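Here the structure is laid out as structure tokens; the discussion comes afterwards.
The values are calculated or read from the model by the stated rules, or taken from the named source; none is laboratory data. Because the structure is a prediction, the values reported are computed rather than measured. A quick note on method: Cβ atoms are made from the backbone with ideal geometry, for glycine too, and the neighbour counts reach across all protein chains shown. Each accessible area value is taken on the protein alone, full model and side chains, heavy atoms only, with ligands, DNA and RNA left out. Shrake-Rupley method; radii C 1.70, N 1.55, O 1.52, S 1.80 Å.
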Amino acid sequence: MSSAFPRLLSPFELGRTTLRNRVVMGSMHTGLEDRDWDIDRLAAFFAERARGGVGLIVTGGYSPSREGWLWPFACAMLDETDAERHRTITSAVHEAGGKIALQILHGGRDSNIPGNLAPSAVPSPLTAFEPRAFTPEQIETTIADHVRCARLAELAGYDGVDIMGGEGFLINQFLAPRTNTRTDDWGGSAENRRRFPLEVVRRTRAALSADMFIMFRMSLAEFVEDGQTFAEMIELARELEAAGVDVINTDIGWHESRVPTIATSVPRAAFVDFTAAIKAEVGIPVCASNRINMPDVAEGILESGAADLISLARPLLADPDWVNKAAAGRVDEINTCIACNQACLDHTFTRQTVSCLVNPRACHETLLQLAPTRRAKRIAVIGAGPAGLSAAIGMAERGHRVELFEASDRIGGQFDLAQRIPGKEEFAESLRYFRRTLETTGVTVHLAVRATADQLAAGDWDEVVVATGVRARTPDIEGIDHPIVISYPELLRGERQAGPRVAVVGAGGIGFDVSEFLTTDHAGEPSLEQWRREWGVTRDLHARGQLTARRPTPAIRKVTLLQRKSGPFGMSLGKTTGWIHRAALEGKGVEQIGGVNYERIDARGLHISFGPQRERPRLIEVDNVVICAGQDPVRDLADQLESRGLRVHVIGGAAEAKELDAKRAILQGTRLAAEI
Ligand code: NAP
Ligand code: SF4
């Protein structure tokens, strides 16, 4: 056992169950839960994390009834046939030395099904269906459904249940005045609003054997208007303990919150103060969660006494061996979750099977395998951006002899630029992981070497992989060569500095990132206090929803962001993170002008007009114009090699720059590594 993380890796008694360490894999809806035929894939996904050393796994949320489905035919645990099927999962995890709990989740007003039921008829922004308010009889039935579901979980071989009482789902809807306007015994006073969860817990405790533990998941900061006060949450936690809960599993936010809770820009362990405040009020263990992605952060929380257990969800998508690597002192080999949400939460909300941007094998363990090769080949990979790096590492892991050639003096490509954006510092962890894994897998790296077609043709390679990436597009605008024009790579690498007034041409992901870069003061790390002020987060015991007025930090430059298309800005951004970028720029006062024609650039600034008739000419007086107009593929080498008749594999931006992102680049690299 590593001496670096003695608390994190020490066993823990949870009710009558002994966990081998304090790492809990938090509940994630992967999409595999919803289809019976995917149960083996789901078991393989969990088993890989259990083999990786996780102490306790919590499944995605299973509804206790059809009324609680999150969408039609979503996963549910309804009868003994369901329970029998789940034995595949529980056996796989137990064989690998782990423990597993079933999460029970009723969607209430968030159920995307006609006829959904909720404490009160308060519509949810997450569904098109307006809920009907429960009758008292329906409330009793729903409590009984929860109890039956928990009993079925015991029958299926689970070690415990995790009752979802947060994130704005049914139980949370009973708790918050925002969604509970009832005037009977189940609403009104805080005591009445607590009645439903307490009845669920009491009756579940009575129905389960003493071997089964009960976790209760509560959102410690709701970040919605008319949410609970923290004082009410303290009372809830105390009463849950008395009702028979074995561990308070914490969570932050509702799905409709407009404060980021898990995005990259949220400081690590940002909500631990809330966890510590609950822990101080109860005698049962408390589990911390949200933006805890590395072992030192987790150990620090345990050491401070703020929590007893640490819940990691996405970090275990990114690296199933996270715990084993921490235990073996190989922290620098951890593939760190960068909190981008691009392949996990964004997939959940668009009903795609979840995966991970930095680990495309996540939830595809049985489909995408890097098995040892039977014939080791000599392979040249050209380009050390995300596509080339993942291909090189994957192929070397399989036993091929790989040499990686990179024209610049560093690895990373577009990732190297991304890590310079405020709030995207986590990308540096990915670069650290790639750098270290190139070493451990034995890839020979040639930096500052521009491989030519002649050299490669003479090199006797079995395979050549071209991952030469993209170059920033230079749009055809009169005056584009004027000295006030800066490309986004020049700006982000620090090769050119911008003046106090800047126009940004192009409002894709990079235009947004560059606008944040330009408006943020880079002197010193932003503090947690500053982040709380920016998003209006308060720890006042009596503030509803833990919200106060936002006080954004003033921008250090005047920035104007432009796009040619009309309509809203930021539509190409991630589903679950786009609103954060839009709100951040709004807070910084970035002016956004759409539907423009770029007329010319001169010493006075950027001249634009509007519409096909080039009407309403306007000058945006700026010191610099930064170009973020997308990218073109760098294909020269691939074309030269192909014209010589060489067989080459072209991946990443070099193959197709349009809408390229790191998710696609890493997936392509890994797939190629699995096939070659
Ligand atoms: P992008 O998303 O393609 O956006 C480039 C923008 O430039 C377009 O919105 C386009 O808007 C404009 N443009 C294109 N051609 C132009 C031309 N000839 N003249 C003037 N304007 C032109 O590319 P990106 O912003 O460089 O991002 C690259 C990739 O990284 C994308 O896949 C993106 O999703 C991803 N990324 C995502 C994020 C995020 O989600 N937060 C952050 C960074 C990067 P108009 O045509 O309307 O002018
Ligand atoms: Fe983390 Fe991004 Fe992977 Fe999701 S897709 S697990 S946020 S790295």
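Select from region 354-374 the residues that are more than 12 Å from ligand 2 (Cβ to nearest atom) and aliphatic (A, V, I, L, M) and list them in ascending order.
Leu367, Leu368, Leu370, Ala371
Among the residues of region 181-227, how many are open to solvent by 10 Å² or more (accessible area, probe 1.4 Å) and within 21 Å of Ala121 (Cα to Cα)?
Residues meeting the conditions: 16.
Name the pairs whose Cβ atoms lie under 7 Å apart, with the first residue in region 476-488 and on the phi > 0 side of the Ramachandran plot and among the aromatic types (Phe, Trp, Tyr), the second within 16 Å of ligand 2 (Cβ to nearest atom) and at pLDDT below 95, and 6 or more positions between them or separate chains?
From residues that are on the phi > 0 side of the Ramachandran plot and among the aromatic types (Phe, Trp, Tyr), there are no pairs.
Taking the stated definitions as given, is Glu591 free of Cβ contacts under 8 Å to residues at least 12 places away in the same chain and away from ligand 2 (no atom under 16 Å from the Cβ)? Can you show your working first?
Working: free of Cβ contacts under 8 Å to residues at least 12 places away in the same chain: no; away from ligand 2 (no atom under 16 Å from the Cβ): yes.
Taking the combined requirement at face value, the residue does not satisfy it.
For the list (1) open to solvent by less than 30 Å² (accessible area, probe 1.4 Å); (2) hydroxyl-bearing (Ser, Thr, Tyr); (3) part of a loop (DSSP other than H, G, I, E, B), I need the number of the one condition that Thr553 fails.
So the condition that Thr553 fails would be (1).
Considering each residue of region 595-636, count those that are farther than 30 Å from Gly413 by Cβ, small (Gly, Ala, Ser) and either within 16 Å of ligand 2 (Cβ to nearest atom) or not in a strand (DSSP E or B) (or both), and give that number.
Residues in region 595-636 being farther than 30 Å from Gly413 by Cβ, small (Gly, Ala, Ser) and either within 16 Å of ligand 2 (Cβ to nearest atom) or not in a strand (DSSP E or B) (or both): 3 in total.
Looking at the structure I just gave you, is Phe512 within 16 Å of ligand 2 (Cβ to nearest atom), under 30 Å from the mean Cα position of the chain (by Cα) and either crowded, with 20+ Cβ neighbours inside 10 Å or part of a strand (DSSP E or B) (or both)?
Working: within 16 Å of ligand 2 (Cβ to nearest atom): no; under 30 Å from the mean Cα position of the chain (by Cα): yes; either crowded, with 20+ Cβ neighbours inside 10 Å or part of a strand (DSSP E or B) (or both): yes.
Taking the combined requirement at face value, the residue does not satisfy it.
Just checking, how many residues over region 650-676 are of a type in the set (Val, Ile, Thr) and in a helix (DSSP H, G or I)? Please lay out each step first, then the result.
We begin by selecting, within region 650-676, every residue of a type in the set (Val, Ile, Thr); these are 650-651, 666, 670, 676.
Among the residues that remain, those that are also in a helix (DSSP H, G or I) are: 666, 670.
Here the count works out to 2.
Counting only residues that are surrounded by 15 or more Cβ atoms within 10 Å (Cβ to Cβ) and among the acidic types (Asp, Glu), how many does region 82-139 have?
Number satisfying all stated conditions: 2.
Tell me the residue from Gly605, Gly587, Gly595, Gly652 that is within 29 Å of Gly383 (Cβ to Cβ) and not assigned by the TED database to the domain that holds His255, please. Lay out the reasoning, then the answer.
On the way: Gly605 fails: within 29 Å of Gly383 (Cβ to Cβ); Gly587 fails: within 29 Å of Gly383 (Cβ to Cβ); Gly595 fails: within 29 Å of Gly383 (Cβ to Cβ).
The match here is Gly652.
Of the conditions (1) within 29 Å of the chain's Cα centre (by Cα); (2) surrounded by fewer than 22 Cβ atoms within 10 Å (Cβ to Cβ), Gly594 fails just one. Which one is it?
Gly594 satisfies all of (1) within 29 Å of the chain's Cα centre (by Cα); (2) surrounded by fewer than 22 Cβ atoms within 10 Å (Cβ to Cβ) except (1).
Being within 16 Å of ligand 1 (Cβ to nearest atom) and under 23 Å from Ser219 (Cα atoms) is true for just one of Asp251, Asp346, Asp273, Asp308. Which residue is that? Give the derivation first.
Details: Asp251 fails: within 16 Å of ligand 1 (Cβ to nearest atom); Asp273 fails: within 16 Å of ligand 1 (Cβ to nearest atom); Asp308 fails: within 16 Å of ligand 1 (Cβ to nearest atom).
Checking each option against the conditions leaves just Asp346.
What number of residues within region 518-531 are open to solvent by 30 Å² or more (accessible area, probe 1.4 Å) and either near ligand 1 (Cβ under 10 Å from one of its atoms) or not hydroxyl-bearing (Ser, Thr, Tyr) (or both)?
So the answer is 9.
For region 108-122, indicate whether the set of residues that are under 27 Å from Leu42 (Cα atoms) and of a type in the set (Gly, Ala, Ser) is non-empty.
Kept after step one, since they are under 27 Å from Leu42 (Cα atoms), are these residues of region 108-122: 108, 110-113.
Next, from what is left, pick out any that are of a type in the set (Gly, Ala, Ser): 108, 111.
Among the residues of region 108-122, at least one is under 27 Å from Leu42 (Cα atoms) and of a type in the set (Gly, Ala, Ser), which makes the answer yes.
Results for (1) among the aromatic types (Phe, Trp, Tyr); (2) at pLDDT below 95; (3) under 23 Å from Arg148 (Cβ atoms), shown as yes or no for each residue.
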{"site": "Arg35", "(1), (2), (3)": "no, yes, yes"}
{"site": "Ile39", "(1), (2), (3)": "no, no, yes"}
{"site": "Glu48", "(1), (2), (3)": "no, no, no"}
{"site": "Glu80", "(1), (2), (3)": "no, no, yes"}
{"site": "Glu95", "(1), (2), (3)": "no, no, no"}
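When you scan region 439-483 for strands (runs of 3 or more DSSP E) that lie fully inside it, which ones turn up with 2 or more residues that are more than 16 Å from ligand 2 (Cβ to nearest atom), in contact with a strand residue (DSSP E or B) (Cβ under 8 Å, 6 or more places away or on another chain) and within 30 Å of Ser609 (Cα to Cα)?
On the way: elements: 444-446, 463-466, 470-472.
So the answer is 470-472.
Residues that are of a type in the set (Asp, Glu) and in a helix (DSSP H, G or I): does region 198-215 have at least one? Full working, then the answer.
Within region 198-215, the first condition is being of a type in the set (Asp, Glu), and the residues that meet it are 199, 211.
Of the ones still in play, those that are also in a helix (DSSP H, G or I) are 199.
Scanning region 198-215 turns up at least one residue that is of a type in the set (Asp, Glu) and in a helix (DSSP H, G or I).
Can you tell me which residues in region 241-299 are open to solvent by 30 Å² or more (accessible area, probe 1.4 Å) and either within 16 Å of ligand 2 (Cβ to nearest atom) or assigned to a loop (DSSP other than H, G, I, E, B) (or both)? So that I can check it myself, show each step before the final result.
Going through region 241-299, the residues open to solvent by 30 Å² or more (accessible area, probe 1.4 Å) turn out to be 241-242, 246, 255, 258, 262, 265, 267-268, 273, 276, 279-281, 283, 296.
Matches in region 241-299: Asp246, His255, Arg258, Ile262, Ser265, Pro267, Arg268, Ala280, Glu281, Gly283.
Check whether at least one residue in region 36-51 is open to solvent by less than 10 Å² (accessible area, probe 1.4 Å), under 17 Å from Pro320 (Cα atoms) and touching a Pro at 6+ places or on another chain (Cβ under 8 Å), and report yes or no.
The answer is yes; a qualifying residue exists.
Which one of these is buried (at least 22 other Cβ atoms within 10 Å of the Cβ) and away from ligand 2 (no atom under 16 Å from the Cβ): Ala673, Ala655, Ala665?
Working: Ala655 fails: buried (at least 22 other Cβ atoms within 10 Å of the Cβ); Ala665 fails: away from ligand 2 (no atom under 16 Å from the Cβ).
It is Ala673.
Scan region 318-353 for residues that are within 8 Å of ligand 2 (Cβ to nearest atom), among the hydrophobic types (A, V, I, L, M, F, W, C) and not assigned by the TED database to the domain that holds Trp71 and jot them down.
Across region 318-353, the qualifying residues are Cys337, Ile338, Ala339, Cys340, Ala343, Cys344, Leu345.
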